[in-house]
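Here is the structure we will look at, set down as structure tokens.
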Amino acid sequence: MADLRDLYQEVILEHSKQPRNYRELGDANHKAEGYNPLCGDHFTVYLKLAGEKIQDVSFQGSGCAISKASASMMTQSVKGKTMAEAEKIFRQFHGLVTGAEHNGSQEELGKLAVFSGVSEFPVRVKCATLAWHTLHAALEGKQEAVSTE
Ligand code: ZN
């Protein structure tokens, strides 16, 4: 189990150092801003929606390793998905990091399962879910910034 944890940490560190899709999306047609005042995480999520489909997604901002890695992996998992599929992954991911969801859905979550250890640290749950809450707001076309508080 210890080895598995190390591996998880490696993935998270690697994504936080080299976040994927970390840029402003010039032709975004949806975007939202999210804050986690508890930790100081602050991100903007950009979306290019084509009908129901997320054609492109990116993010920018700053935050702790967990929030940044989570944002990076969020963009990878929802790119090319429909809005409904993205919301479904969000619900599963939320269940995973809050400890509500057990092993069953981890396979479906794929690489996102590296965040399962977060459920042991309630303060970190907000870091891990910030980008997802922000994605949700962007999908809904909300203008005001999202806050985890
Ligand atoms: Zn954080």
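The values are calculated or read from the model by the stated rules, or taken from the named source; none is laboratory data. Worth saying up front: this structure is predicted, and the values here are computed from it rather than measured. Here the Cβ is made from the backbone with ideal geometry for all residues, glycine too, and neighbour counts use every protein chain on show.
Select from segment 45-70 the residues that are surrounded by fewer than 19 Cβ atoms within 10 Å (Cβ to Cβ), of a type in the set (A, V, I, L, M, F, W, C) and touching a residue at least 24 places away in the same chain (Cβ under 8 Å) and list them in ascending order. 49, 64, 65 - these are the residues of segment 45-70 that are surrounded by fewer than 19 Cβ atoms within 10 Å (Cβ to Cβ), of a type in the set (A, V, I, L, M, F, W, C) and touching a residue at least 24 places away in the same chain (Cβ under 8 Å). Would it be correct to say that residue 58 is near the ligand (Cβ under 10 Å from one of its atoms) and within 15 Å of the chain's Cα centre (by Cα)? No, not satisfied. Looking only at residues in segment 136-149 that are closer than 17 Å to residue 87 by Cα and at pLDDT 85 or above, the one that is nearest to the ligand (Cβ to nearest atom) is 146. Checked against the criterion of being among the aromatic types (Phe, Trp, Tyr), within 16 Å of the ligand (Cβ to nearest atom), surrounded by 15 or more Cβ atoms within 10 Å (Cβ to Cβ) and under 24 Å from residue 52 (Cβ atoms), segment 120-135 contains one or more residues that satisfy it.
Residues in segment 1-27 that are acidic (Asp, Glu) and not in a helix (DSSP H, G or I): 24, 27. Here is the figure for segment 26-55: residues that are over 10 Å from residue 138 (Cβ atoms), within 16 Å of the ligand (Cβ to nearest atom) and of a type outside the set (Ser, Thr, Tyr) total 8.
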